[in-house]
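Down below is the structure, laid out as structure tokens.
The values are calculated or read from the model by the stated rules, or taken from the named source; none is laboratory data. What you see is a predicted model; the values in this text were computed from it and never measured. Positions of Cβ are backbone-derived with ideal geometry, glycine not excepted, and every protein chain shown enters the neighbour counts. What goes into the accessible areas is simple: the full protein's heavy atoms, side chains included, and nothing from ligands, DNA or RNA. Shrake-Rupley method; radii C 1.70, N 1.55, O 1.52, S 1.80 Å.
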Amino acid sequence: MTTSTDAATDDAGKEPAGKDTAGGAAPGGEVRPGPPGAGRSGPRALARARRRQAALRFVREYRAHRAGLVGLAVLAAIALLALTAPLLVGAGALSVTDAPGGPLEAPSAAFPLGTDQFGRSLLALMLWGTRVSLTVGLLAAFLSVAIGTLVGITAGHFRGWYGGVAMRITDWFLVMPTLVLAIALATVLSRSIWTTVLAIGVTTWPTTARLVRAQTLSVESRPYIERSRALGGGHGHIMSRHVLPNVMPLVLAQTTLVISTAILTEATLAFLGLGDPTIVSWGGLLQDAREAGAVSSGDWWYLAPPGLAIALVALAFTLCGRAVESVLNPELGVSR
């Protein structure tokens, strides 16, 4: 005869009928493997899950900024026009000898934005110049932010003589007029799109360097940096695995703000005649209008479209940059 205590003990050691645990024993004693990925929530899986959650949270908070959404919509439309410019406007529209219209024609049904001094459609030139202006702005901003991030992280990590010298050089570049340095480089080097990118990139990095250095000093004062050093982490490990991921939000926000500055600087250099004369850009169109005497003759259609396009893109990048900065650093209190 089986007592109640023995029955309870037997029931406690059995799995409920029909219940199959992950990687455990199924009814009948057969061992079945668990579903793929079950029980394997390691550090990499957790890191991926955190990145997905952070991305979703960023998108959700960015959507709350109306100005940022407007700027993003404008940039998306301009980027689409830049990508489809070869399809919308053939390369023949840039030809001076086969221009379809007369010199300096006012806006009409055939030419919505009028023509330039050679009879080319300004609308076609504007669409083609979008590619150059955006390319120069993006490449120059990437170069500027890359130099500033490298100098800022290394100057904040190595606080001895290297950090002091790096910051003195940064201060020297910071007090010097950026446009004057860019003009000097563009004058010495050959005129090309790469010269413009180099001139803008190597003269606009000091602000990023100071911001990144300040953030690096804040990150390296945290306890887990000391723990990493105690466990044998070297300089490269600390800067690449701990400091860089923590300063990347600041770098991202700074990049969007630097792009607008780079586009304005490119337009200024082209307007001064220091750009590549073989390519069409918004700043180059302004320079052509000045040479054609559009200001004195009142040909406003030659001046207004390039100037408005430059201002619109710079404003759109600024709105996106402020929204990104507000999402990544809510303490700023940027209005939505």
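Simple rule: put +1 on each Lys or Arg Cβ and -1 on each Asp or Glu Cβ in the chain, find the dipole, and look at G298, L46, L312; the Cα lying farthest toward the positive end is L46.
Looking at the chain, the pairs of alpha carbons with a distance over 34 Å make up 46% of the total.
Please grab the % of Cα pairs in the stretch 80-145 that end up more than 20 Å from each other.
Numbers: 763 of 2145 pairs.
Across the stretch 80-145, Cα pairs with separations above 20 Å total 36 percent.
Annotation: extensible slack from A77 through R50 equals 6.6 nm (criterion: 0.36 nm per residue apart, minus Cα-Cα distance).
Where the only charges are on Cβ atoms (+1 Lys, Arg; -1 Asp, Glu), what is the dipole of the stretch 189-287 about its Cα centre, to the nearest 20 debye?
Working: 7 positive and 4 negative charges, 82 e Å.
Roughly 400 debye for the stretch 189-287.
What distance in nm separates the simple spin-label points at L315 and N246, each placed 7 Å from Cα in the Cβ direction? That separation, rounded to one decimal, is 3.9 nm. Treating the Cα atoms of the stretch 265-336 as identical point scatterers in vacuum, please give the log10 of the normalised Debye intensity I(q)/I(0) at q = 0.22, 0.25 Å⁻¹, two decimals. For the stretch 265-336, the Cα-only Debye profile gives -0.88, -1.04. Our summary of shape: the Cα atoms of the stretch 197-336 have principal axis extents of 72, 35, 18 Å, ordered from largest down, in whole angstrom.
Annotation: average projected area of the stretch 227-302 is 7.8 square nanometres, based on the convex hull of Cα atoms across all directions.
If I take R0 = 56 Å and measure r between the Cβ atoms of I169 and L88 in this structure, what FRET efficiency does the formula 1/(1 + (r/R0)^6) give, to the nearest 0.05?
Rounded to the nearest 0.05, the efficiency is 0.80.
Using only the Cα atoms of the stretch 40-94, build the gyration tensor, take square roots of its eigenvalues as a ≥ b ≥ c, and label the shape rounded, prolate or oblate: rounded if a/c is under 1.5, else prolate if a/b is larger than b/c, else oblate. Note, shape of the stretch 40-94 comes out oblate. With each label modelled as a point 7 angstrom along the Cα→C-beta vector, the A214-R227 pair spans 2.8 nm.
Membrane-span-like helices in the chain: DSSP H runs reaching 18 Å or more (Cα, own axis), mean Kyte hydropathy at least -1.0?
The answer, listed by residue number, is 43-62, 66-88, 122-157, 161-175, 206-220, 244-271, 300-328.
Across T256, T216, T207, the residue with the most accessible area heads the list, and the full order at a 1.4 Å probe is T207, T256, T216. The charge dipole of the chain, taken about its Cα centre with unit charges on the Cβ atoms of Lys, Arg (+1), Asp and Glu (-1) only, comes to about 960 debye.
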